[in-house]
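The values are calculated or read from the model by the stated rules, or taken from the named source; none is laboratory data. Since the model is a prediction, treat every value here as computed from it, not as a measurement. Cβ: placed from backbone, ideal geometry, glycine included. Neighbour counts: every protein chain shown. When the accessible area is computed, the model is the full protein with side chains, heavy atoms only, and any ligands, DNA or RNA have been set aside. Shrake-Rupley method; radii C 1.70, N 1.55, O 1.52, S 1.80 Å.
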Amino acid sequence: MREYSRYRNRFQRGTPTQRPTWEQAEGTPLPLGVSWIEEEQAFNFAVHSEHAESVALLLFSATDLVNPVLTFRFDFLHNKSGRIWHCRIPITEIGEARYYAYSVSGETVPQLHSFDPQKILLDPYAPCIFFPPGFDRELAMREGPNAGRAPLGVLTGRGPRFDWEGDQSPYHESDAVIYELHVKGFTKNPNSGVDASRAGTYAGLVEKIPYLLELGITVVELMPIFQRDPQQGDYWGYMPLNFFAPHGQYATAREDDEQHLEFKNMIKAFHQAGIGIVLDVVYNHTCEGDHRGPIYSFKGFDAASYYMMSSDLVSPYANYSGTGNTLNFGEGHVRKMVMDSLRYWKNEMHVDGFRFDLASVFSRNADGSLNWRDAPIFSEIAADPELGQLRLIAEPWDTRAYQLGRGFPGLTWLQWNGRFRDDIRRFVKGDAGMVPEVMRRIYGSDDFFPDSRGDAYHAYQSVNYVTSHDGFTLNDLVSYDQKRNWANGHNNQDGMPENYSWNCGHEGQEGASSEVLALRRKQIKNFCCLLFLSNGTPMFRAGDEFLNTQFGNNNPYNQDNETGWLDWSQLRENADVFRFFKCMIAFRKAHPSLCRGRFWREDVSWYGAGPTVDLSNDSRSLAFCLHGASQGDDDIYAMINSYWEELDFHIQEGTAQQWKKIVDTALPSPDDFSEYGLPLEQPKYLVAPRSVVILLRHRESDLSTAPTARQESSGLTQRNQSRRAGL
């Protein structure tokens, strides 16, 4: 092992060399991480550690992952600026080294399980991570050295730049349809049609682009792709090891930096197809867990400055994430790390947006209290000229806070609307008293996103969804009353306890009668209709369009098997449901009146089976007419019946000849969706139990904007009932 000193090598050689600049001699504190300086043929290393007493950089060759080929011990008088340790080492001194790591010493606080100079530490900014063949999570969790068994950073950046020529980020407004998928789970199943060598990879996703285009998807939201601990059993990816490196196990080639090339090729292919990519990012915690967890990186550099601390000596790490630790956004260097990560994925990897897991953690001060109005990172993101223009989506809660709508500090961000999910589920299953709430959700949830002068929210900020990775699939939502999470290993105690599901009369898949199966299909189509008829940005999870099942498991976070992988054989068996989803997506895109930049306001009229909507507790039906003239669009009339008996709806606007039936979820395929529409014979429609019917009136029709006599007489009642519903 060689010890390296910049000053000894440059000033004590006795040769008349040119005096180096300060940066060349000492390195620079920015940018953090490892950087290749082409003009100097040197690497710059910089890492933040506020309370470290000594820091050493370790460089390893590919043939010896235990003994460093070079060790650089930082001298705080020369290699430290503020709280950042830094150095610069020329390629001539690095020799055969391919990997790097750190060793850090500091004052030990036993209960934190923090500073430990025996542990090999991964650079928090490492853009590429190597796991040695002997990688061992257990060694990082107990006392003693773990050299040769710890993840290492890869010395990258010397190769040619990726060719982004011609790449353009797609932009979608009223046609935005978000599709949440898991990179591995989407194509890993042998029946996915993707070659085994590419199944479950970034390259495998590219092969499915034609399928996504046929379905009508415009935005793909990838479940977490940050590098994680491959031995933790974290299939979903919500336990990140690092915020800069793409998960190497999703690449077809595992050689050093190949995952970057494959990821970039995937992004470019999606952009060429007009599909945007949003990353589900986890910045609220890491896989290091609490005081019992491993020391991989942040803990070893300075646990007390990277993580929130609690006053409980038995459980010293504050846990607002539910995973053991919580990053401390009250610290400037933590916020900078997140900002640098976001810029990296935007500028280097060309992603189009981010969905922030448990985003309420961003609002927490260093002591864990909530900063409701001026949490710094939100203004920092908004002030960034590039990040502020991206599609930013929040999960507006954490384990102890719920900030949906106005409570969330990111004023212009989109938000996962958990109330839309719950209210629509309860209404479709037939719960009482849900009509006023469903009217609000369809309208755009202006109770959470008000468009008053003081607030001025937009309806599209509500990301409407019925299902996501959290919880049942859509098929399971209508097939199970109770979760079946035994395989997860937590005695069925994990996962959401309240799913607002209904099994349609039979628990589970096996043994269900044809009547039950038909009702489930109809309920799924009802959910599909309400999702795509609602103002806001729609999202659904991959596989719902062909009745994928997780067999009642509503939290398969560790199921890297057939439970967590999509079963593509269901696409063939349920082609009728796929067709219905595809048609409803196309219908929404064809009618931008549904998803607007603003709320519908005077363009929507609410009705019931008759001229007035029944807002009573026992009511389970409603209708509405959305007028499209202001948007240059057609008029849409929807009749929604979640009651278990048929209801005779009277059309409250126009004549029967002006309306064409597009959708009736009670009918079998292909009659459930008529692409050209079937004219009505009379101004009423018998809506079957638990069904949705959609009518269309073309704007080319010879229509008068003046209301009919029936409309005139019901105008006052219409305004009054809207006020009662809160609209």
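Computed quantities for the displayed model
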{"item": "Residue match in the range 355-368 (condition: basic (K, R) and open to solvent by 30 Å² or more (accessible area, probe 1.4 Å))", "result": "no"}
{"item": "Matching residues in the range 384-396 - criterion: being surrounded by 15 or more Cβ atoms within 10 Å (Cβ to Cβ) and assigned to a helix (DSSP H, G or I)", "result": "L387"}
{"item": "Selected residue (criterion: nearest to the chain's Cα centre (by Cα)) from residues of the range 600-623 that are surrounded by 21 or more Cβ atoms within 10 Å (Cβ to Cβ) and hydrophobic (A, V, I, L, M, F, W, C)", "result": "W600"}
{"item": "Every residue from the range 236-287 that is assigned to a loop (DSSP other than H, G, I, E, B) and among the hydroxyl-bearing types (S, T, Y)", "result": "Y238, T252, Y283, T286"}
{"item": "Residue match in the range 465-485 (condition: out of contact with any strand residue (DSSP E or B) (no Cβ under 6 Å at 6 or more places or on another chain), without any contact (Cβ under 8 Å) to a residue 24 or more places away in the chain and either within 13 Å of I424 (Cβ to Cβ) or not in a loop (DSSP other than H, G, I, E, B) (or both))", "result": "no"}
{"item": "Any pair with Cβ under 9 angstrom, 6 or more apart, that starts in the range 196-218 at a residue that is under 26 Å from F532 (Cα atoms) and ends at one that is of a type in the set (G, A, S) and buried (at least 19 other Cβ atoms within 10 Å of the Cβ)", "result": "K208/S192; T218/A176; T218/G276"}
{"item": "Hits in the range 224-247 - residues which are open to solvent by 10 Å² or more (accessible area, probe 1.4 Å), over 17 Å from the mean Cα position of the chain (by Cα) and on the phi < 0 side of the Ramachandran plot", "result": "P230, Q231, Q232"}
{"item": "Candidate set: the range 661-674, residues that are open to solvent by less than 70 Å² (accessible area, probe 1.4 Å) and either aromatic (F, W, Y) or without any contact (Cβ under 8 Å) to a residue 60 or more places away in the chain (or both); chosen: the one nearest to M434 (Cα to Cα)", "result": "D664"}
{"item": "Any hit, the range 292-301, residues being at pLDDT 95 or above, outside any loop (DSSP other than H, G, I, E, B) and touching a Phe, Trp or Tyr at 6+ places or on another chain (Cβ under 7 Å)", "result": "yes"}
{"item": "Single match in R421, R440, R426 (criterion: within 20 Å of V219 (Cα to Cα) and assigned to a helix (DSSP H, G or I))", "result": "R421"}
{"item": "Scope the range 100-148; condition of a type in the set (S, T, N, Q) and in contact with a strand residue (DSSP E or B) (Cβ under 7 Å, 6 or more places away or on another chain); matching residues", "result": "S103, S105"}
{"item": "Test set (1) out of contact with any helix residue (DSSP H, G or I) (no Cβ under 8 Å at 6 or more places or on another chain); (2) within 27 Å of Q272 (Cα to Cα) - F243 fails condition number", "result": "(1)"}
{"item": "Residue that is farthest from R98 (Cα to Cα), among those in the range 31-80 that are among the hydroxyl-bearing types (S, T, Y) and open to solvent by 30 Å² or more (accessible area, probe 1.4 Å)", "result": "S54"}
{"item": "The range 637-658, residues that are open to solvent by less than 10 Å² (accessible area, probe 1.4 Å) and either more than 14 Å from L622 (Cα to Cα) or outside any strand (DSSP E or B) (or both)", "result": "S642, I651, Q652, E653, A656"}
{"item": "Hey, D123 open to solvent by less than 10 Å² (accessible area, probe 1.4 Å) and assigned to a loop (DSSP other than H, G, I, E, B) or not", "result": "yes"}
{"item": "Checklist (1) modelled with pLDDT of 95 or more; (2) surrounded by 23 or more Cβ atoms within 10 Å (Cβ to Cβ); (3) touching a strand residue (DSSP E or B) at 6+ places or on another chain (Cβ under 7 Å) applied to M266, failing item", "result": "(3)"}
{"item": "For N492: the one exception among (1) touching a helix residue (DSSP H, G or I) at 6+ places or on another chain (Cβ under 7 Å); (2) assigned to a loop (DSSP other than H, G, I, E, B); (3) of a type in the set (S, T, N, Q); (4) touching a residue at least 40 places away in the same chain (Cβ under 8 Å)", "result": "(4)"}
{"item": "H333 being out of contact with any Lys or Arg (no Cβ under 9 Å at 6 or more places or on another chain) and either polar (S, T, N, Q) or modelled with pLDDT of 95 or more (or both)", "result": "no"}
{"item": "Residue that is small (G, A, S), surrounded by fewer than 17 Cβ atoms within 10 Å (Cβ to Cβ) and within 27 Å of A318 (Cα to Cα), where the choices are G95, G144, G106, G157", "result": "G144"}
{"item": "Filtered residue count, the range 405-442, keeping only those that are under 29 Å from G608 (Cα atoms), hydrophobic (A, V, I, L, M, F, W, C) and open to solvent by 10 Å² or more (accessible area, probe 1.4 Å)", "result": "1"}
{"item": "Filter result (open to solvent by 40 Å² or more (accessible area, probe 1.4 Å) and assigned to a loop (DSSP other than H, G, I, E, B)) within the range 331-354", "result": "E331, E348, H350"}
{"item": "Residue within the range 487-499 that is surrounded by fewer than 23 Cβ atoms within 10 Å (Cβ to Cβ) and within 27 Å of A176 (Cα to Cα) present", "result": "yes"}
{"item": "Condition met for G471 (modelled with pLDDT of 95 or more, open to solvent by 20 Å² or more (accessible area, probe 1.4 Å) and not polar (S, T, N, Q))", "result": "no"}
{"item": "Qualifying residue in the range 571-579 (condition: over 17 Å from M439 (Cα atoms), open to solvent by less than 40 Å² (accessible area, probe 1.4 Å) and not in a helix (DSSP H, G or I))", "result": "yes"}
{"item": "Pairs, first basic (K, R) and assigned to a loop (DSSP other than H, G, I, E, B) in the range 365-383, second at pLDDT 90 or above and open to solvent by less than 60 Å² (accessible area, probe 1.4 Å), C-beta under 7 Å, six or more apart", "result": "R373/P409"}
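Residue-wise test of (1) in contact with a helix residue (DSSP H, G or I) (Cβ under 7 Å, 6 or more places away or on another chain); (2) farther than 30 Å from A456 by Cβ; (3) at pLDDT below 95.
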| site | (1), (2), (3) |
| --- | --- |
| Q570 | yes, yes, no |
| C583 | no, yes, no |
| R588 | yes, no, no |
| F599 | yes, no, no |
| S605 | yes, no, no |
| N617 | no, yes, no |
| A623 | no, no, no |
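Conditions tested, residue by residue: (1) part of a loop (DSSP other than H, G, I, E, B); (2) closer than 26 Å to N485 by Cα; (3) open to solvent by 30 Å² or more (accessible area, probe 1.4 Å); (4) touching a strand residue (DSSP E or B) at 6+ places or on another chain (Cβ under 6 Å).
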position	(1), (2), (3), (4)
P556	yes, yes, no, no
N561	yes, yes, yes, no
G564	yes, yes, no, no
K582	no, no, yes, no
A586	no, no, yes, no
